[in-house]
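The structure under discussion appears below in the form of structure tokens.
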Amino acid sequence: MDSRAIRVRDEDAIGILGTGSCLPGNVVTNDDVGPPAGVTDEWIRRKTAIRERRWAKSDESTSDLATMAARMALHDAGLRAEEITLVVVATSTPDSPQPPTATAVAAELGVAPGTPAFDLNAVCSGFVFALATAERMIRGSGGRALVIGADIYSRTLDPHDRSTVILFGDGAGAVVLGPTGSGGVLATRLATFAEHRGLIRVPAGGSQIPASPESVEQGLHHFTMDGPAVRRFVESRVAPLIRTFLDTHLPDATRPLHFVPHQANGRMIERLAADLGFPPERVHTTVTWSGNTGAASVPLTLDRAAARIAPGDLVVLAGFGGGMAAGLALVEWSAKGPRERTDAT
């Protein structure tokens with residue numbers, strides 16, 4: 001999907017009215033995940049900058065985390081669930097194949113009957129894909145959308161696979177979108193490079209390889225990733241895509257510019273931000289203590305960054321990952337003044 005023009009008519013502007021996030025209370029340290037994978041705490045921190053992550057308890061589901069994040073976003077926006085006209089949940093770890101996880105969230109929140117609610121799966125780019133979709137759906141209608149990214153990857157990980165088990169955590173992040181009168185979502189760019197779709201995958205559990213005792217025994221339900229190839233993808237595809245996006249829409253930016261990237265790996269973020277010329281104080285991260293939370297990582301990080309973003313500041317959201325895909329959004333910040341964020345749920 002091509003970027004659209006940076007400016008929309010003020011009466012059509014849709015922006016972020018509030019943010020929220022949720023992390024499980026179960027802290028999993030490098031000393032917990034390292035030994036089974038054959039690596040140490042020092043090795044994990046040196047390679048990824050991750051010190052800990054949160055994994056859901058056995059009785060917690062993706063919709064539970066998504067609902068909590070959504071409640072926080074509604075509170076931040078000063079809105080009631082009945083005022084929401086659209087619910088979109090970006091996830092690749094739904095509660096079940098059907099019904100959509102978004103319907104569980106909508107029911108738990110008390111969203112008005114008849115309100116559309118659906119899931120969107122673009123893996124780690126999912127939240128930005130959902131943001132772009134929801135913004136276009138409600139623009140000009142006066143509606144308000146809940147856009148949520150939520151994933152529980154801990155249940156798909158092979159504890160002996162150091163390329164995945166050390167990276168991933170569970171969590172959810174949410175925003176409320178609505179009319180702002182000016183600014184808001186200024187531009188978006190969605191891209192998928194399907195020829196690289198095999199770099200990140202969960203082979204079984206769908207129609208191609210249905211779940212069976214054999215598929216479980218063979219470990220085909222585990223999340224798998226070609227780490228070196230993913231790094232090359234980010235360098236060769238994602239970085240140029242972001243650079244072109246910025247050159248197109250911000251050729252002469254003078255206002256503060258914040259960068260909220262997908263929290264894939266702390267060292268990868270450092271390299272990407274430096275390559276793009278973002279100063280460290282404008283790069284927002286949560287990866288050190290939350291790990292890679294999939295579709296949740298961009299909205300979760302945005303929620304924790306909100307205290308340092310002033311109305312009128314510009315924010316670049318960048319999701320990238322499985323598919324292989326990338327989603328970019330340029331937002332003029334319109335949420336209310338900073339509120340205190342904590343690292344706990």
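Listed values, structure above:
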quantity	calculated
Any chance R189 is surrounded by fewer than 24 Cβ atoms within 10 Å (Cβ to Cβ), under 30 Å from G312 (Cβ atoms), over 13 Å from the mean Cα position of the chain (by Cα) and not hydrophobic (A, V, I, L, M, F, W, C)	yes
Qualifying position, being closer than 30 Å to H75 by Cα, at pLDDT 90 or above, touching a helix residue (DSSP H, G or I) at 6+ places or on another chain (Cβ under 9 Å) and not aromatic (F, W, Y), among P261, P338, P256	P261
Filter pass, G266 being within 18 Å of the chain's Cα centre (by Cα), surrounded by fewer than 24 Cβ atoms within 10 Å (Cβ to Cβ) and closer than 30 Å to D41 by Cβ	yes
Residues that are open to solvent by 10 Å² or more (accessible area, probe 1.4 Å) and in a helix (DSSP H, G or I), drawn from the range 125-159	F129, T133, R136, M137, S154, R155, T156
Flag for A13 being of a type in the set (G, A, S) and either open to solvent by 30 Å² or more (accessible area, probe 1.4 Å) or closer than 30 Å to A204 by Cβ (or both)	no
Residue count for the range 106-121, restricted to those that are in a loop (DSSP other than H, G, I, E, B) and buried (at least 24 other Cβ atoms within 10 Å of the Cβ)	1
G198, sole failed condition from (1) touching a residue at least 40 places away in the same chain (Cβ under 8 Å); (2) open to solvent by 10 Å² or more (accessible area, probe 1.4 Å)	(1)
Residue check, E52 open to solvent by 20 Å² or more (accessible area, probe 1.4 Å), closer than 16 Å to G169 by Cα and either modelled with pLDDT of 95 or more or not charged (D, E, K, R) (or both)	yes
Matching residues, the range 269-304, being of a type in the set (A, V, I, L, M), surrounded by fewer than 21 Cβ atoms within 10 Å (Cβ to Cβ) and within 24 Å of M72 (Cα to Cα)	V283
Scan of the range 94-121 for residues that are touching a Gly at 6+ places or on another chain (Cβ under 8 Å) and either modelled with pLDDT under 95 or farther than 22 Å from S61 by Cα (or both), ordered by number	none
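The values are calculated or read from the model by the stated rules, or taken from the named source; none is laboratory data. Everything numeric in this text was worked out from a predicted model, so none of it was measured. Neighbour counts are summed over all protein chains in view; Cβ atoms, including those assigned to glycine, are modelled from backbone coordinates with ideal geometry. Note: areas computed on protein heavy atoms with side chains; ligands, DNA, RNA excluded. Shrake-Rupley method; radii C 1.70, N 1.55, O 1.52, S 1.80 Å.
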